[in-house]
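All remarks here apply to the structure that follows.
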Amino acid sequence: MKRVPVFDIGDTLSPARKFSIQFFDEELQEQGLENPPKYPYEEFNEMDVESIESWFDEAEIDADAKKLVEKYKEAKKQKLKDLEIFEMLRKIQEEIGKPGIISDNKVAAKKFYKEIFEEENIGIDGFVVSEEIGVKKPDPEIFKEFVERRGVEGKECIYFGNNISRDSACEKVGMTFILVEQFKVFGEDWEGRKISELNFENVRKEVERQ
């Protein structure tokens with residue numbers, strides 16, 4: 001039985017923490033700021049202009065937040081292309097079925113990803129972010145919300161993520177958790193199923209595995 005592949009975004013589909021910190025460091029230096037403060041990844045949202053403006057105000061950074069957010073989005077889109085994530089998702093859509101997404105993220109990020117997926121002719125069936133429902137992983141409600149929207153049972157889904165304590169909570173609603181080790185893994189000693197790289201063949205094998 002082929003099951004529904006469902007993905008986390010940050011540090012699963014693409015590098016997030018390290019990518020974001022490095023991006024703002026390089027861009028702020030390019031704008032003439034020597035030794036810019038480290039971007040506080042957990043506190044602000046790089047997809048949201050108001051959020052970045054708040055960081056700039058707090059850190060007393062004189063820079064154009066709107067311009068940097070737009071450049072960040074372009075850089076993120078290019079990174080997804082370089083990693084062949086669009087190609088992978090299209091192939092999943094064609095040969096397995098439309099993928100789903102569950103992410104601790106902002107609505108602004110969901111809007112960005114939905115737009116670029118549509119540009120790349122990728123259909124997502126079930127896209128849940130924490131901000132819109134008011135809970136984050138490992139709260140099982142975020143996974144329950146997905147299966148209700150998708151109209152499937154948890155046991156029909158395989159969830160690919162990189163945070164052992166948060167993402168493995170998908171198992172509470174019957175999903176199977178696959179640890180993706182490609183970018184950044186949070187947590188230690190996962191004895192369950194895992195893959196070293198996110199690509200179509202690895203996803204296909206896990207989806208078809210009994």
Quiz item: Picking from Asp62, Asp139, which residue would you name as being farther than 18 Å from Phe7 by Cβ and in contact with a Ser or Thr (Cβ under 9 Å, 6 or more places away or on another chain)?
Solution: Asp139
Quiz item: Take the residues of the stretch 162-210 that are among the small types (Gly, Ala, Ser) and over 15 Å from Val6 (Cα atoms): which is modelled with the lowest pLDDT?
Solution: Gly187
Practice problem: Check Ile52 against each of (1) out of contact with any Lys or Arg (no Cβ under 9 Å at 6 or more places or on another chain); (2) at negative phi and name the one condition it does not meet. | Solution: (1)
Quiz item: Condition test on Lys136, is it among the charged types (D, E, K, R) and either touching a residue at least 12 places away in the same chain (Cβ under 8 Å) or closer than 21 Å to Val207 by Cα (or both)?
Solution: yes
Quiz prompt | Condition met for Phe146 (within 16 Å of Val4 (Cα to Cα) and either of a type in the set (Ser, Thr, Tyr) or crowded, with 16+ Cβ neighbours inside 10 Å (or both)) | solution = yes
Practice problem: Scan the stretch 94-131 for residues that are part of a helix (DSSP H, G or I) and touching an Asp or Glu at 6+ places or on another chain (Cβ under 9 Å) and report the count. | Solution: 6
Quiz item: For the stretch 159-178, does any single residue satisfy the condition of being part of a loop (DSSP other than H, G, I, E, B), among the charged types (D, E, K, R) and out of contact with any Ser or Thr (no Cβ under 7 Å at 6 or more places or on another chain)?
Solution: no
Quiz item: If you check Gly32 against the conditions, is it surrounded by 14 or more Cβ atoms within 10 Å (Cβ to Cβ), at positive phi and not in a helix (DSSP H, G or I)?
Solution: no
Quiz item: (1) surrounded by fewer than 18 Cβ atoms within 10 Å (Cβ to Cβ); (2) more than 17 Å from Ala108 (Cβ to Cβ): which one isn't true of Val4, the others all being true?
Solution: (1)
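Here is a yes/no grid of residues against (1) surrounded by fewer than 18 Cβ atoms within 10 Å (Cβ to Cβ); (2) touching a strand residue (DSSP E or B) at 6+ places or on another chain (Cβ under 8 Å); (3) charged (D, E, K, R):
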{"position": "Pro40", "(1), (2), (3)": "yes, no, no"}
{"position": "Met47", "(1), (2), (3)": "no, no, no"}
{"position": "Ala65", "(1), (2), (3)": "no, no, no"}
{"position": "Lys71", "(1), (2), (3)": "yes, no, yes"}
{"position": "Leu89", "(1), (2), (3)": "no, no, no"}
{"position": "Ser103", "(1), (2), (3)": "no, yes, no"}
{"position": "Tyr113", "(1), (2), (3)": "no, yes, no"}
{"position": "Ile122", "(1), (2), (3)": "no, no, no"}
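The values are calculated or read from the model by the stated rules, or taken from the named source; none is laboratory data. Every value quoted in this text rests on a predicted model; they were computed, and no experiment measured them. When we count neighbours, we look across all protein chains shown, and the Cβ atoms used for this are built from the backbone with ideal geometry, even at glycine.
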